[in-house]
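This report refers to the structure that appears directly beneath it.
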Amino acid sequence: MRSNRADRHAKRAFQGHLQAVSIAAGAVCLAFASIACAPAQAQTNPVPHAAPAATESSPRAAAEALERVRALLAQNRRDEALAALDRALASAPSDAQLRFQRGVLLSRMGRTDEAIAAFTALTHEFPELPEPFNNLAVLRAQRGELDLARAALEEALRALPSYSLARENLGDVQLRLAERSYQRALDADAGNRAAREKLERTRELITRLTPPAASAATTVDGADPSAVPAPPPQPMQSH
């Protein structure tokens, strides 16, 4: 296990370079923002070395690799950018910064299963870092997996209680959960006028908070934001 000192260093390094994503009501557009009824955002900026690499690799080498990746992405050469990240990770498989960026890139490429696996692995190995939990929540929300999204955001806030983006995303997820509960109440009793009124008002709020562009896509911070759509339930944005 890493020492407490190493954990604190990793947390500071990671937070200094990652950007978060939000879960807004709307569609998904990889760039990571917040989860509200506006585009959700996910963390997408590089994360400095949050953990020692399995094999020796200097922070400078990782920084250079990330610069190459950014240059390739600027030219929309995503496959080459992913290949560059994979080459860098072959030398430093435990580098949290490189792994986080790989998860963000996979999200941008629409390879959601792989992105979820990447962020999930980071949450297991670096539970002190809130950003992977936030981005994981965004992807879960995009799939309508609101309970899993809520659990991931709660973990992000356990890691960093002052994480504003995760709190915003959690509020968006809770709004969608409220919508779901009111709908289920109506399914059980179509004559429940109170539940019907609450459902209508909740959906009005979701619609009001959803920006026009959110209906088409969500974004990820540093990458592309993702959003949680209005009824019927849609995906959230990651960090």
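The values are calculated or read from the model by the stated rules, or taken from the named source; none is laboratory data. Every value quoted in this text rests on a predicted model; they were computed, and no experiment measured them. Quick reminder, even Gly has a Cβ in these numbers, built from the backbone with ideal geometry, and neighbours come from all protein chains shown. SASA here: full protein model, heavy atoms, side chains in, ligands and nucleic acids out. Shrake-Rupley method; radii C 1.70, N 1.55, O 1.52, S 1.80 Å.
Quick notes
- Of the residues 84, 149, 90, the single one that is under 30 Å from residue 67 (Cα atoms) and open to solvent by less than 30 Å² (accessible area, probe 1.4 Å) is 84.
- Any hit, segment 86-100, residues being at pLDDT 95 or above and not in a helix (DSSP H, G or I): no
- Test for residue 74: is it open to solvent by 10 Å² or more (accessible area, probe 1.4 Å), small (Gly, Ala, Ser) and closer than 30 Å to residue 173 by Cα: no
- Candidate set from segment 106-161 (those that are free of Cβ contacts under 8 Å to residues at least 12 places away in the same chain, in a loop (DSSP other than H, G, I, E, B) and of a type in the set (D, E, K, R)); member that is farthest from residue 172 (Cα to Cα): 111
- Any hit, segment 64-84, residues being assigned to a helix (DSSP H, G or I), touching a Pro at 6+ places or on another chain (Cβ under 7 Å) and modelled with pLDDT of 95 or more: no
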